[in-house]
Amino acid sequence: DQQVKQNSPSLSVQEGRISILNCDYTNSMFDYFLWYKKYPAEGPTFLISISSIKDKNEDGRFTVFLNKSAKHLSLHIVPSQPGDSAVYFCAASWSGGSNYKLTFGKGTLLTVNP
Amino acid sequence: DAGITQSPRHKVTETGTPVTLRCHQTENHRYMYWYRQDPGHGLRLIHYSYGVKDTDKGEVSDGYSVSRSKTEDFLLTLESATSSQTSVYFCASGSSSYEQYFGPGTRLTVT
């Protein structure tokens, strides 16, 4: 049973436009969410996170939105740049003694075209 | 970036042979994790450690064992490699927070 779902395997956008990556989760115990970015032949790198007590967190060009009632989060990248082309993973965790374990989605490949 | 390395970076081995992958971190992080990445599956947790000699299973632990004798080292062992264990393996570490820092990965091919 997949608890974190990224239903779009790929997304293509033009440079300068907005990229919106979506993530859904089924486990209502999750209360912390993260986005990771991964380039080919490299390990994932942390991008941005959000706690369930918030509905928005912003860091430069990256904003994460959380809709708890819909069990949905999204990552907005504005403006998109060619260097943003990578696989983006959504991850979730819960604070109830999980040893900070993360459950990852399958990832979305973002391609930003010049 | 957290100082986390993995060795070897690439390995080809035969079915039935034992394989050990090493993860080394220099950040004094308490928590360490082993994941595998496969097409169509994303990152799946194999085993994790919450302290020296303290380990537990993740979601895909069958066929794998781990050991952590020092804070900085976390070993993943495939006792008898199978073709289904062909994958890219990532190690990660973290302190008491949700952010995990990943190594560069080990590409393992079992023939």
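The values are calculated or read from the model by the stated rules, or taken from the named source; none is laboratory data. What you see is a predicted model; the values in this text were computed from it and never measured. Don't worry about glycine lacking a Cβ; one is built from the backbone with ideal geometry, like all the others, and counts go over all protein chains shown. All accessible areas refer to the heavy atoms of the entire protein, side chains included, with ligands and DNA or RNA removed. Shrake-Rupley method; radii C 1.70, N 1.55, O 1.52, S 1.80 Å.
Each row is one residue, and each column tells you yes or no for (1) over 14 Å from B:Lys11 (Cβ atoms); (2) open to solvent by 40 Å² or more (accessible area, probe 1.4 Å); (3) at pLDDT 95 or above; (4) in contact with a strand residue (DSSP E or B) (Cβ under 9 Å, 6 or more places away or on another chain).
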residue	(1), (2), (3), (4)
B:Glu59	yes, yes, no, yes
B:Asp62	yes, yes, yes, no
B:Thr77	no, no, yes, yes
B:Gln85	no, no, yes, yes
B:Leu108	no, no, yes, yes
When you look at A:Tyr32, is it within 11 Å of another protein chain (Cβ to nearest Cβ) and open to solvent by 60 Å² or more (accessible area, probe 1.4 Å), yes or no?
-> no
When segment A:57-93 is checked residue by residue, the ones that are hydroxyl-bearing (Ser, Thr, Tyr) and either touching a His at 6+ places or on another chain (Cβ under 6 Å) or exposed (fewer than 15 other Cβ atoms within 10 Å of the Cβ) (or both) are A:Thr63, A:Ser69
Reported set for segment B:61-84 where residues are under 16 Å from B:Tyr35 (Cβ atoms) and in contact (Cβ under 8 Å) with a residue 60 or more places away in the chain is B:Leu78
Worksheet item: Of the residues that make up segment B:23-37, is at least one under 12 Å from the mean Cα position of the chain (by Cα), among the aliphatic types (A, V, I, L, M) and more than 12 Å from chain A (Cβ to nearest Cβ)?
Response: no
Sole miss for A:His72 among (1) within 14 Å of chain B (Cβ to nearest Cβ); (2) touching a residue at least 40 places away in the same chain (Cβ under 8 Å); (3) under 20 Å from B:Tyr98 (Cβ atoms); (4) over 10 Å from the mean Cα position of the chain (by Cα) is condition (1)
Notebook entry, point to check: Looking at A:Lys37, is it open to solvent by 20 Å² or more (accessible area, probe 1.4 Å), closer than 24 Å to B:Cys91 by Cα and basic (Lys, Arg)?
Noted result: yes
### Query
Does segment A:18-29 include one or more residues that are within 11 Å of chain B (Cβ to nearest Cβ), open to solvent by 40 Å² or more (accessible area, probe 1.4 Å) and within 22 Å of A:Ser95 (Cα to Cα)?
no
Counting only residues in segment A:6-17 that are touching a residue at least 40 places away in the same chain (Cβ under 8 Å) and open to solvent by 70 Å² or more (accessible area, probe 1.4 Å), the one nearest to A:Lys106 (Cα to Cα) is identified as A:Pro9
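Return the only residue of A:Leu47, A:Leu34, A:Leu11 being assigned to a strand (DSSP E or B) and over 22 Å from B:Gln100 (Cβ atoms).
On the way: A:Leu47 fails: over 22 Å from B:Gln100 (Cβ atoms); A:Leu34 fails: over 22 Å from B:Gln100 (Cβ atoms).
Being assigned to a strand (DSSP E or B) and over 22 Å from B:Gln100 (Cβ atoms) holds for just one of A:Leu47, A:Leu34, A:Leu11, which is A:Leu11.
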Subset of segment B:1-39, residues open to solvent by 50 Å² or more (accessible area, probe 1.4 Å) and assigned to a loop (DSSP other than H, G, I, E, B), comes to B:Asp1, B:Arg9, B:Glu14, B:Thr15, B:Pro18, B:Thr26, B:Glu27, B:Asn28, B:Arg30, B:Pro39
Please tell me if B:Ala81 is buried (at least 20 other Cβ atoms within 10 Å of the Cβ), more than 27 Å from A:Trp35 (Cα to Cα) and modelled with pLDDT of 95 or more. yes
Counting only residues that are open to solvent by 40 Å² or more (accessible area, probe 1.4 Å) and at the interface with chain B (Cβ under 9 Å from one of its Cβ atoms), segment A:100-114 contains a total of 3
Segment B:41-111: strands (runs of 3 or more DSSP E) wholly inside it with 2 or more residues that are over 13 Å from the mean Cα position of the chain (by Cα), farther than 15 Å from B:Tyr31 by Cβ and more than 10 Å from chain A (Cβ to nearest Cβ) are B:106-110
Of the residues in segment A:18-69, those that are hydrophobic (A, V, I, L, M, F, W, C) and free of Cβ contacts under 8 Å to residues at least 24 places away in the same chain number 5
